[in-house]
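Take a look at the structure below.
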Amino acid sequence: MVAASLALGLETASQAQDAPPEAAPPQAATPAPVPALNSGPPAPPPVPAPTPVPRPEEPPRNPRFGDPGHVVLDGALGAGFGRTSFSATPTTSTSFSVAPAFDYFSTPNLSGGVSAFVGYSNSRYAPGSESKTWTYGATAEVGINLWLGERVSFWPNLGAGASRSTTTSSISGVLSPGNTTTKVVFVQLDAPFLFHVADHFFVGFGPTVHVDLLGTIGPETNLRRSFGAGSTIGGWL
């Protein structure tokens, strides 16, 4: 009985080993891509942007009068000599004046500066009779330069300042000469036309206006107004 059961078990195991393996279930096939409907021709390749052509650089302009950062040294120089003869008494007179100025262009063609001036005059009316005058003062000014051509510009300057004059008069036969002091506060306008005859050098000529705001001669008030013309010469750095 036991032998029959062992024989039956061995036969069943042998049949299980000899049986073919079970087949795997079939996989679903990948569908082919469906072409897009109403598809046109392929897009053209992108066109590269044109490379900009560099503009040629302009040559640097030479510096000229009125450019920012430039310093101007100029001034007015005057001198005179004359002799007037009368039948009774001969008269002679001499005079000179100098007014150096310093200006600076902080922005294009706009300047600011200061100037000082000193003058002397001497007049002789007769032997032993003469009058000597010393004048000195200072002015602060602003100006604007306007170009009229390649080498011509107009440079008006408006300023305000103060001056002091001392006159010593002596008359023949008087032991002690008399002194007179003049104190003045004024405004003035200098409007020269500049001729830039060479690089960093100019000469100019134009109208001038002077008006006293305050003026005393000794204890008295005396205001002066004058209109005329003046010259200047200078250079710039």
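The values are calculated or read from the model by the stated rules, or taken from the named source; none is laboratory data. Since the structure is predicted, the reported quantities are computational estimates derived from the model, not experimental observations. Quick reminder, even Gly has a Cβ in these numbers, built from the backbone with ideal geometry, and neighbours come from all protein chains shown. The accessibility values were calculated without ligands, DNA or RNA, using every heavy atom of the protein model including side chains. Shrake-Rupley method; radii C 1.70, N 1.55, O 1.52, S 1.80 Å.
Heavy-atom surface analysis with a 1.4 Å probe gives region 151-218 a carbon and sulfur content of 69 percent of its accessible area.
With a Förster radius of 30 Å applied to the beta-carbon distance between Trp134 and Asn109, the computed FRET efficiency rounds to 0.25. A Förster radius of 30 Å, combined with the Cβ-Cβ distance separating Thr216 from Val71, puts the computed FRET efficiency at roughly 0.25.
Listed peptides 146-159, 182-195, 43-56 appear in the order 182-195, 146-159, 43-56 once ranked by packing, highest mean of other Cβ atoms within 10 Å at the front. For region 168-235, the alpha-carbon coordinates run over 56, 28, 17 Å along the three principal axes, in decreasing order. Per residue, the convex hull spanned by the Cα atoms of region 103-236 measures out at 123 cubic angstrom. In this structure, Tyr120 and Asn62 have a Cβ-Cβ separation that, at R0 = 45 Å, corresponds to a calculated FRET efficiency of about 0.65.
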